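The values are calculated or read from the model by the stated rules, or taken from the named source; none is laboratory data. None of the values given here were measured: they were computed from a predicted structure. No Cβ is skipped: glycine too gets one built from the backbone with ideal geometry, and neighbour counts run over all protein chains shown. Side chains are part of the model used for accessible areas, which takes the heavy atoms of the whole protein and leaves out ligands, DNA and RNA. Shrake-Rupley method; radii C 1.70, N 1.55, O 1.52, S 1.80 Å.
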Amino acid sequence: MVLSTAFLTVVWWPRTEVTYRDSAPATVVYADDSPHFLGLVHGHTLPGRHPYKMAIGRDPSLSYRHWTDLDTTVAANGIESVTWTESGVRVRLPTGHEAFIPAQAFLHGR
């Protein structure tokens with residue numbers, strides 16, 4: 001029984017869940033001519049850490065992307081708004097914090 005529980009625990013962790021998802025509007029066209037997606041990804045690790053990362057990239061599943069780490073206490077309440085422009089994407093959190101990720105950081109497959 002203990003071995004089964006340990007096995008299932010290791011298989012289940014680490015895991016991630018996308019807690020917020022957005023995509024660039026069709027009116028915003030980037031130099032790589034691809035649609036782009038943004039997500040807030042909540043991680044769960046075996047030691048009990050719960051990191052948050054913001055993922056931006058061309059892959060709608062967010063598996064191939066540009067990562068930006070966010071402080072857990074800031075990201076735990078989600079994302080308030082996202083503004084896509086040709087120069088990049090601005091993310092506003094409910095805490096009032098803002099992050100700007102320049103387009104060159106997530107274009108051409110990053």
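Numbers for the structure displayed
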quantity	calculated
Failed condition for Gly96, given (1) at negative phi; (2) at pLDDT 90 or above	(1)
Residue in the stretch 77-88 that is assigned to a strand (DSSP E or B), without any contact (Cβ under 8 Å) to a residue 60 or more places away in the chain, open to solvent by 30 Å² or more (accessible area, probe 1.4 Å) and over 14 Å from Arg21 (Cα atoms) present	yes
Single unsatisfied condition, Tyr64 versus (1) open to solvent by less than 60 Å² (accessible area, probe 1.4 Å); (2) in contact (Cβ under 8 Å) with a residue 12 or more places away in the chain; (3) of a type in the set (Ser, Thr, Tyr)	(1)
Members of the stretch 67-76 found to be touching a Lys or Arg at 6+ places or on another chain (Cβ under 7 Å) and buried (at least 16 other Cβ atoms within 10 Å of the Cβ), listed by number	Thr68, Leu70
Residue, nearest to Tyr30 (Cα to Cα), within the stretch 89-110, restricted to residues that are in contact (Cβ under 8 Å) with a residue 40 or more places away in the chain and open to solvent by 80 Å² or more (accessible area, probe 1.4 Å)	His108
Contacts under 7 angstrom Cβ, first residue in the stretch 1-29 being at pLDDT below 70, partner part of a loop (DSSP other than H, G, I, E, B) and open to solvent by less than 70 Å² (accessible area, probe 1.4 Å), 6 or more apart	Trp13/Thr45; Pro14/Thr45
Selection within the stretch 40-60 - modelled with pLDDT under 90 and either open to solvent by 50 Å² or more (accessible area, probe 1.4 Å) or small (Gly, Ala, Ser) (or both)	Gly43, Leu46, Pro47, Gly48, Arg49, His50
